Every structure is written in C-alpha cells, then in structure tokens.
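The values are calculated or read from the model by the stated rules, or taken from the named source; none is laboratory data. Predicted model only: the values in this text are computed from it and were never measured. Every residue, glycine among them, receives a Cβ derived from its backbone with ideal geometry; neighbour counts consider all protein chains shown. Ligands, DNA and RNA are stripped out before the accessible areas are found, and what is left, the full protein with its side chains, is counted by its heavy atoms. Shrake-Rupley method; radii C 1.70, N 1.55, O 1.52, S 1.80 Å.
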Amino acid sequence: MIGRWLRTPALHFAVLGLVIFGLVSPPGAAPPARLVIPASRIDRVLQEYQGLSDHPLGAGEKQAIVRAVVDQEVLYAYALRLGMGKEPAVERRLAQIATFVADNPHEAKTREERAQEAVMLGLGAGDLVARRILIDGARRLIRAAVLVREPTEAALERYLHEHPDKFHTIEQWRLSQVVVDARLHRERSEQDARRLLTRLRKEAVPPAEAASLGDPGFVAARLPALPKRELARRFGYRFAASLSGLPVGAWEGPIPSRFGFHLVFIEEYLPPRVPELAEVRKEVRTQLREKLADEWLTLRLQQLRAELGVEIAGAGQGPYPLGSGAVL
C-alpha cells in the first residue's frame, strides 16, 4: 500500500507544488499577506447566478459558486506573486487603460510607463480583461506542470481499461441495396418490392448483380460501413432503426424511406467494441493528460488557499460562514 501511495500522481504533484512554492518564496522571505475577499463580492455573484436560475439556488450550488469565486481570486493573487503582471498582453491592456484616463494621452511614454501608471492608480485590479488574462495565465501555468509530461504506456493502457465507454466504437453496417422508387411505382411500391424480394431470395441473387433489378436513381447500390446516425441522415430514422437485428448475408425488407422501399443485404455488421490502444492512442493520451492536469489544478488550488490564508471579510449570506474573519 505504501508503495502504491508513493507512486500516485497526486503525491508527485503535491511535492512539485511545494518545490515551486519554495522557488517563488525562498527561505527567510516574509510570508505573503493574507488574501482578503470582501463578502459583498461573493454576495453579488450569488445574486447574479440566482437571477439567471429558474429555481432557488441550493446549498451545493452556492458552495460551488463561492469556491469558483475564491479560486479566481487565488489564481489572480498567484499570478501577481509570479510577476505575470509584466507579461506583454497584460502590459498592453494596462497601457490602454492608462492612456484612456490620462490628462495628456498623446504624451510620449513607453508601454511599460503607461502600464506602471495604471498599476499606481489601482486601475489594473478592477479591469476585468486584465484580471482574466492573469487568471487564465496562472491556470494554464499550473496545468502545464502536468501537460509537459508524457504519460507512460502502462498509464495509457490503464486509463483505456478504466474508461472503455469513452472510446468504444459505434456499431456499423456495410450493406448492398435495391430500391423500388415510390415515384415510379406509386401505390404498387410496397407490393412490387415484396415481389422483387421473393425473386432475390429464390434466385439467390448476389449483391453485385442485384442493382440492375431495381430502379435507377440517386441511391448508391453499395454502402461502406456506416453508423446508424449517418444511415438515418441519408435515409431516415425508420430505415436506420430497421437494420438492428437483421441477419448478415441475406436479403431483407422491404424497408421504407423517402426514396421508396429498400431491399437490403447486410454484408457485414460491426458491433460496438473497445479498440486497442494503438487505434485510439491519441485520444487516450489527450484525455488522460487533461484529467491529470485538472486533478493537479485542484490540488494546487488547495495548496494556494492554505498558503495565502484566504479570508472572507464582512457580513453576508452564503454557504461559507461569511461573517467577518471567516478563513478558508
């Protein structure tokens, strides 16, 4: 059990987080100031969500909303701690704000100078665009710690084995068909189709020779392996649904569609199956890396909430005790 625990990704990520924190905050550095979030901000977000909901928000929903707000504030504070406020995209945005409010917007100043003015005036903290850039940047940076690592072959195999429903193939049918055109046969369409079906069966007409016995038109006589959705798109849901349970290697029908009546010969039925890793390696790799990155982000946010000492200050209503001094 100890061996398995030491090999768990969560433990590796936790250690990585401590290493990163140690690099950002070297020994002897003053602890970061407590992150204080006004309860009024959380209350405002809760009210906005309530206005968009068609039912009163439950305790679980409020909890999730509060956690989302707190996580955004944590990511924003983390981005500032890492100096991401000097990234070009953020500086451009801050420089635009400073230029907009400047007494002399045409004064010759560098982008860095304008951005610094915005920071000194406290304009950056309230700008939603700059905050979004920083929050998204911090989120991507945290997840990148996992995304840069390649999962092992064993990890890919295990993920495929544990999540077969995400990768199983869709059932498909490869068939040949003869169509009795309803426009030509009118009220005799189904009767003529049944008469032709009897001939096909009696004479054991092979699919390659049967097309000439039907009506010419826009319907292909032979179809490659197609899933039910594609067959329904071409010929209608009733046609696609009728294929289920039909035997392979025999003429069946008539099956109606908007074209008339079809006599079908199922040449091959491909049932749903879990593919081999070699067939879906790219998809498995992508989903596993995303899953691990999400897990690491969740764990890193827990660490950052503890490191920053998040506090919700002021009176309010919500799933957290939002009274003055509530600490998360």
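Annotations for the structure displayed:
- Karplus-derived HN-Hα couplings along the range 282-293 (A = 6.51, B = -1.76, C = 1.60, θ = phi - 60°), whole Hz, x at Gly and Pro: 4, 5, 5, 4, 4, 5, 5, 5, 5, 4, 5, 5
- Over all other residues within a Cβ to Cβ distance under 13 Å of F261, the charged ones net out to +1, with Lys and Arg as +1 and Asp and Glu as -1.
- Stretched out straight at 0.36 nm per residue, the stretch from R44 to A278 would grow longer than its current Cα-Cα span by 79.2 nm.
- Scattering from the range 150-211 was approximated by placing one identical point on each alpha carbon and applying the Debye formula without solvent; log10 I(q)/I(0) at 0.21 1/Å stands at -0.92.
- For the pair L270 and A59, the difference between a 0.36 nm per residue extended length and the Cα-Cα distance amounts to 71.3 nm.
- Sorting the segments 203-209, 231-237 by their mean number of nearby beta carbons within 10 angstrom, highest to lowest, gives 231-237, 203-209.
- Remark: the range 162-232 carries 64 Å² of accessible area per residue (probe radius 1.4 Å; ligands, DNA and RNA excluded).
- A cut-off under 14 angstrom between Cβ atoms defines the neighbours of R188, and their net charge, with Lys, Arg +1 and Asp, Glu -1, is -1.
- Solvent exposure, largest accessible area first (probe 1.4 Å, DNA, RNA and ligands not counted), of T169, T152: T152, T169
- Stokes-Einstein D for the range 185-298, Kirkwood Rh over Cα pairs, 20 °C, 1.002 mPa s (µm²/s): 126
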